[in-house]
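Step one of this worksheet: look at the structure below.
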Amino acid sequence: MKLCNHRLNRRKEGRCYLKWKEEQVLIDCTEEMAETCSNRIHTPIPKKEPAKWYQCPYCEKRHRTQQQIVTCKSYYEWYKVLEQFKANLKPVGYLPEGTTEEVYPSDVLAFDGFDNVRAHIWPWMVDLIRHRDKGRCQDCGTETSSCEVHHIIARAKGGTDHPANLKLVCPKCHRKYTDELLGELGPIRAKARRIAKVKQITPKSLEEFA
C-alpha cells in the first residue's frame with residue numbers, strides 16, 4: 001500500500017481528504033486507486049534526533065537540560081551549608097530570659113528562599129531540643145510525647161531559633177504563653193487592621209460620611 005498524505009490514515013485504506021476538501025465528495029482510497037492517483041503525495045516524517053542527556057556531577061544522574069544541572073548545583077551547595085550548620089550547632093541549654101542572638105549564618109539569612117531553609121532545619125531543631133530537655137516540660141515537669149518547642153522571646157518580638165531561646169513545654173503550658181502573647185499583641189494587631197481598613201476607603205466612599 002503506497003503512502004499518501006491525503007488519506008486520514010496515510011498507511012491504510014481510507015477516505016481521501018483532498019476530494020472532500022475540493023469537491024465535497026467522499027471517496028475511499030483503495031490500494032488500486034493509490035497506484036494510479038495523480039494527486040498522491042507522500043512526505044516522509046523526519047526522524048527525531050535522539051534526546052541529549054547531560055551527566056550531572058552533583059546528583060550523579062542524567063538530566064535533559066543544563067538548567068537542571070544548575071538547579072542541582074544550587075541544592076548541593078545549600079545542602080553542604082545546612083549540614084555544616086547542623087554540625088557546628090551545639091545543643092546549649094536555654095536561658096530563662098531568652099535571647100535575640102541569631103543562630104543562622106549571614107549567608108543563610110541573605111538567601112532569597114530563607115523560609116524554605118528554615119522549614120528544612122526546624123524539624124531537626126525540634127528533635128535537638130526534645131533530646132536536650134529529655135522530653136520533659138521545663139515548666140511543670142510533665143513528661144509526655146506531645147511536648148512542644150516554645151520560643152521564650154516570641155519571634156514577633158525579635159526572638160530567634162537559637163537553642164538558648166527554645167525550651168520544651170507541654171501543650172497546657174504552651175497555651176498559657178500563647179494567651180499572654182495574644183493579649184499583648186491583640187490591641188496592636190487590631191489597631192493595624194483598623195489603619196489598613198481606613199487606607200482602603202476611597203474618596204468616593206467618604207461622601208457617605210459627609
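The values are calculated or read from the model by the stated rules, or taken from the named source; none is laboratory data. Computed from a predicted structure; not experimentally measured. Ideal geometry is used to build each Cβ from the backbone, glycine not excepted, and the neighbour counts take in all protein chains shown.
Points worth noting:
- Filtered by the rule that a residue be free of Cβ contacts under 8 Å to residues at least 24 places away in the same chain and more than 30 Å from Phe85 (Cα to Cα), the range 138-188 gives Gly141, Arg175, Lys176, Asp179, Glu180, Leu182, Gly183, Glu184, Gly186, Pro187, Ile188.
- Checked against the criterion of being modelled with pLDDT of 80 or more and in a loop (DSSP other than H, G, I, E, B), the range 168-189 contains one or more residues that satisfy it.
- Residue within the range 82-99 that is surrounded by 14 or more Cβ atoms within 10 Å (Cβ to Cβ) and farther than 23 Å from Ala154 by Cα present: yes
- Residue tally, condition among the β-branched types (Val, Ile, Thr) and either assigned to a helix (DSSP H, G or I) or without any contact (Cβ under 8 Å) to a residue 60 or more places away in the chain (or both), over the range 48-104: 5
- Residues in the range 129-160 that are among the charged types (D, E, K, R) and either assigned to a helix (DSSP H, G or I) or in contact with a Lys or Arg (Cβ under 9 Å, 6 or more places away or on another chain) (or both): Arg130, Arg132, Asp133, Asp139, Glu143, Arg155, Lys157.
Residue-by-condition table, conditions (1) in the same structural domain as Ala164 (by TED's automatic domain parsing); (2) over 20 Å from the mean Cα position of the chain (by Cα); (3) modelled with pLDDT of 80 or more:
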site: Ser38; (1), (2), (3): no, yes, no
site: Gln68; (1), (2), (3): no, no, yes
site: Tyr75; (1), (2), (3): no, no, yes
site: Leu95; (1), (2), (3): yes, yes, yes
site: Val103; (1), (2), (3): yes, yes, yes
site: Phe111; (1), (2), (3): yes, no, no
site: Asp115; (1), (2), (3): yes, no, no
site: Arg118; (1), (2), (3): yes, no, yes
site: Asp127; (1), (2), (3): yes, yes, yes
